[in-house]
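Step one of this worksheet: look at the structure below.
What follows draws every value from the coordinates through simple rules; no lab data is involved. All of these numbers come straight from a predicted model, not from anything done at the bench. A quick note on method: Cβ atoms are made from the backbone with ideal geometry, for glycine too, and the neighbour counts reach across all protein chains shown.
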Amino acid sequence: IPATMHGLASYNAENALFATAAARGLGLSGETIIAGLRSFTMSMEHTPGRMNVFDGLPFQVFLDYAHNANGIEAFCVFTDQLPVAGRRILVLMAAGDRSDAEIEASAAAAAGSFDYYICRESAVRRGRIRDAGDITRLLKAGLMKNGVPGDRIELFPDHEAALQRALEVADSGDLLVVFAGIYHARAWEILEKYQDALQHDCTVH
């Protein structure tokens, strides 16, 4: 089942079981269900913003929607199992309408799973008023309370600046995980432009 990433993404194994049960309840044949499970991939086409793999860069890139402590923890359990030759880098975010405790909990869920953290603000407030820098301040506090040194954390005012910085920091053999939230489509575009620029530079040289 490709969505389970060779069984490492246990939450997608659970999702596959639920999907199978629902499909059987609707009367689909076993052959049809198997074909669906085998052909369904975690791609921008099938699941935009959910565990998308961006290939073609010198480092691994995963793009995901994870935006709360539970989702972040589950994703980190998955990435902790991946072999990585270099560093593990995370672009971390939280929605502005969450409580301070929830935002810090999201950071705590990611602490210890990465070597470098790039925290970003979110324009998503859903009516909640926050001062500029509130979200990144809380994310940094949550990380540091859970053992992440301050010199391994950077703060950025928006998702584009954070992702651009991550691409500058990432090197060959690294793992870059981007929690993009609702900005997954824009993040994918930035990754594509970065890939095009790299290919152009190689062609020129």
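Here r is the Cβ-Cβ distance between residue 131 and residue 101 and R0 is 22 Å; the resulting FRET efficiency, rounded to 0.05, is 0.80.
Full extension of the segment from residue 29 to residue 160, taken as 0.36 nm per residue of separation minus the current Cα-Cα distance, would add 42.7 nm.
Here the scattering of the stretch 158-200 is modelled by Debye summation over its C-alpha atoms, one equal scatterer each and no solvent; at q = 0.14, 0.16, 0.23 Å⁻¹ the log10 of I(q)/I(0) is -0.31, -0.41, -0.83. Equivalent-ellipsoid semi-axes for the chain (Cα gyration tensor, √(5λ), whole Å, largest first): 29, 23, 16. Derived scalar couplings between HN and Hα for the stretch 16-27 equal 5, 5, 4, 5, 5, 4, 5, 5, 5, x, 8, x Hz in order, rounded to whole Hz, by the Karplus curve 6.51 cos²θ - 1.76 cosθ + 1.60 (θ = phi - 60°), x for Gly and Pro. Simple spin-label estimate for residue 10 and residue 44 gives 3.2 nm between the two label positions (7 Å along the Cα-to-Cβ direction from each Cα). Among rounded, prolate and oblate, which fits the stretch 48-105 when a ≥ b ≥ c are the square roots of the eigenvalues of its C-alpha gyration tensor, a/c under 1.5 means rounded, and a/b larger than b/c means prolate? It is prolate, given that a/c is not under 1.5 and a/b is the larger ratio.
Bridge orientation summary for the chain: considering DSSP beta bridges with both residues in this region, about 15 percent are antiparallel. Taking a Cβ cut-off of under 11 Å around residue 105, the surrounding Lys, Arg, Asp and Glu residues balance to a net charge of -2, with basic ones at +1 and acidic ones at -1. With a ≥ b ≥ c taken as the square roots of the eigenvalues of the C-alpha gyration tensor of the stretch 83-155, please select rounded if a/c is under 1.5 and otherwise prolate if a/b is larger than b/c or oblate if it is not? Judged from the Cα gyration tensor, the stretch 83-155 comes out prolate (a/c at least 1.5, a/b above b/c).
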